[in-house]
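Okay, so here's the structure we're looking at.
The values are calculated or read from the model by the stated rules, or taken from the named source; none is laboratory data. Every value quoted in this text rests on a predicted model; they were computed, and no experiment measured them. Here Cβ is always computed from backbone atoms with ideal geometry, including for glycine, and neighbour counts include all displayed protein chains. Quick note on the areas: whole protein, heavy atoms, side chains included, nothing else; ligands and nucleic acids left out. Shrake-Rupley method; radii C 1.70, N 1.55, O 1.52, S 1.80 Å.
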Amino acid sequence: YVAAVYEHESVLSPNPAALVDRQSALELMGRNLDIYEQQVVAAARQGAQIIVFPEDGIHGFNFTRSSIYPYLDFVLHSQSVKWNPCREFYLFNDTEVLQRLSCMALKNKIFLVANLGTKEPCERADPHCPPDGRYQFNTNVAFNDDGMLVATYRKHNLYFEYAFDTPPEPDYKVFDTPFAGKFGMFTCFDILFFEPAVNLIRQYNLKQVVYPTAWMNQLPLLSAVEFQQAFATAFNINILAANIHHPTLGMTGSGIYTPVKSFIYHNMESYGGKLIVAEIPVITTDYRTNLEKTPGRGSEKGNDQLPPLFYAEMMYDNFTFVPVWGEKGELQVCANTLCCYLNYQQAVLTDELYALGVFDGLHTVHGTYYVQACALVKCGGLSFSTCGQEVTEATALIDFQLWGNMSTPYIFPLLLTSGITLDYADHRGWKNNHYFISKNRTSSGLLTAALYGRWYEKD
């Protein structure tokens, strides 16, 4: 099927904390919706059957609970009511944004997924009801090619979004399409947690996911395209991921991903949005990774000298590292219960420092979640203290096998190359209670090769 995602440079409110009236809010959102409309037309012209827009793309961000209120549409969060906002615009008040989105889908005969802020009144009797008597949700909506509202999803894992409420229960939301079967949806920070993202995919045996996001890139392990690809690979699904485009805030990185191929956009230099349209296969069977090529423990050579252990902060976590020196070698580094192993070979030695790092613990900055990571990274300079820094360019081509005795089945294989481009491992999978990835010769210089494990039970 043909899918489209749009990385949108949103028109932002100059002062999101200011209180404005509904009319002014609609004017600002209208400017973003005008751009959406052009993109829907362009995508439909290229044969797209579904288009996905990013999180916060219509209203922006950094609001307070009261300042976002005029930007919120009313949406009935019951799946029993069949409603076409374009044709039945008179049914509810404060649904102008939903009406426009619905009409775009209807006019262009395309499935459309977008993110907006919504409100729902609640009863004092409801123990979860906020003091002001209403819920405010960060919401994804999906419309079919007739403009029907077919699914609404309320973001569960809010990322310091004080304007919004967490829904009382996680939403598991899927909608059906004639061209690719069932799609699931979740938003941005949700991708790092078990609920509802992982549970949704497992319960519904999903093969397609739509994913609006407003993601601030964090190298070396959590760049948007890097993690989106790893998620598609780990769960053997297609992901349609739309990010917003604000390079000054570190926000870019969208794509259409299959488990073996990706069509991505990552651009920190220029401004303006970007439409990606790609034809991808509907996944019906599981891609089985070839597990024949197994990591060898290597003969225990009498190493004259083991490379030194050192510690450095990476992504706010205290990693234990060992330097990757010389043209080839076998390394091991451990922390807590996790040991990481690397066999590597470089045809040409470059003047770049690489290191193998391990972290097994609770990550506590900008969210709390338990990580088990084995990571081969390029350091920022030649001193140990630069390992873990954000690096975007590299020249070294390294053949490697990387493996670790991970305690969780949820491993995201990261493979990021120079200029924030992606590559795929030759082999990956489980062998003797170890997860491994191997690669002969990346397509360009290696930035990060990592096993990013999420141990959800220990969050």
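A simple count of charges around PRO16, restricted to other residues whose Cβ falls under 13 Å of its Cβ and scoring Lys, Arg +1 and Asp, Glu -1, yields -1.
Can you give the accessible area of TYR341 in Å² (nearest 10), computed on protein heavy atoms with a 1.4 Å probe? In the full protein context, TYR341 sits at about 40 Å².
Pairs of Cα atoms nearer than 8 Å and 6+ residues apart set the relative contact order; for the chain it is 12 percent. Rounded to the nearest 10 degrees, the angle from helix 96-108 to the longest Cα principal axis of the chain is 80 degrees. Applying 1/(1 + (r/R0)^6) with r as the Cβ-Cβ distance of ASP21 and ASP146 and R0 = 35 angstrom yields a FRET efficiency of 0.60. Normalised per residue, the accessible area of the range 344-459 is 35 Å², obtained with a 1.4 Å probe and no contribution from ligands, DNA or RNA. Against the criterion of solvent-accessible heavy-atom surface with a 1.4 angstrom probe, VAL52, VAL11 sort, most first, into VAL11, VAL52. When only Cα pairs below 8 angstrom with a gap of at least 6 residues are kept, the range 310-458 shows a relative contact order of 23 percent. Surface listing: HIS266, HIS246 arranged by accessible area from highest to lowest gives HIS266, HIS246, probe 1.4 Å.
For the range 127-203, the relative contact order comes to 25 percent (Cα pairs under 8 Å, sequence separation of at least 6).
The alpha-carbon of LYS439 sits under 17 angstrom from the alpha-carbons of these lysines, leaving out residues fewer than 8 places away in its chain: LYS261, LYS293, LYS328, LYS378, LYS431. Taken per residue, the accessible surface of the range 2-279 reaches 36 Å², heavy atoms only and a 1.4 Å probe. Computed in the context of the full set of protein chains, the accessible area of the chain at 1.4 Å probe radius has 51% of its extent on carbon or sulfur. Distance between the pseudo-spin-label points of VAL365 and TYR311 (7 Å out from Cα toward the beta carbon): 1.5 nm.
A simple spin-label model places the labels of ARG441 and THR392 2.8 nm from each other, with each point 7 Å out along Cα-to-Cβ.
By the Cβ distance rule (another cysteine Cβ under 4.7 Å), the unpaired cysteines of the chain are CYS188. The phi-based Karplus calculation (6.51 cos²θ - 1.76 cosθ + 1.60; θ = phi - 60°) puts the 3J(HN,Hα) values of the range 395-405 at 10, 5, 9, 10, 8, 8, 10, 10, 8, x, 8 Hz, whole numbers, x for Gly and Pro. The angle between the Cα long axis of helix 224-235 and the longest principal axis of the Cα atoms of the chain comes to about 80 degrees, rounded to the nearest 10.
Each Lys or Arg adds one and each Asp or Glu takes one away; over the other residues whose Cβ falls under 13 Å from the Cβ of GLN372, this sums to -2.
Subtracting the Cα-Cα distance of TYR410 and ASP126 from their residue separation scaled by 0.36 nm leaves 98.6 nm. Overall, the anisotropy analysis places the range 2-279 in the rounded class: the square-rooted eigenvalues a ≥ b ≥ c of its C-alpha gyration tensor yield a/c less than 1.5. Ligands, DNA and RNA excluded, the heavy atoms of ILE35 present near 40 Å² of accessible surface to a 1.4 Å solvent probe. Extending 7 Å from Cα along the Cβ direction at GLU279 and again at LYS82 yields two label points whose distance is 3.3 nm. Could you grab the Rg to Rh ratio for the range 323-439? Cα atoms only, Kirkwood for Rh. Reported Rg/Rh, Kirkwood definition of Rh: 0.94. Each stretch of four or more DSSP H residues adds -39500 (n - 2.57); spread over every residue of the chain, this sum gives -4000 deg cm²/dmol at 222 nm.
For LYS261, the solvent-accessible surface computed with a 1.4 Å probe is close to 110 Å², ligands and nucleic acids excluded.
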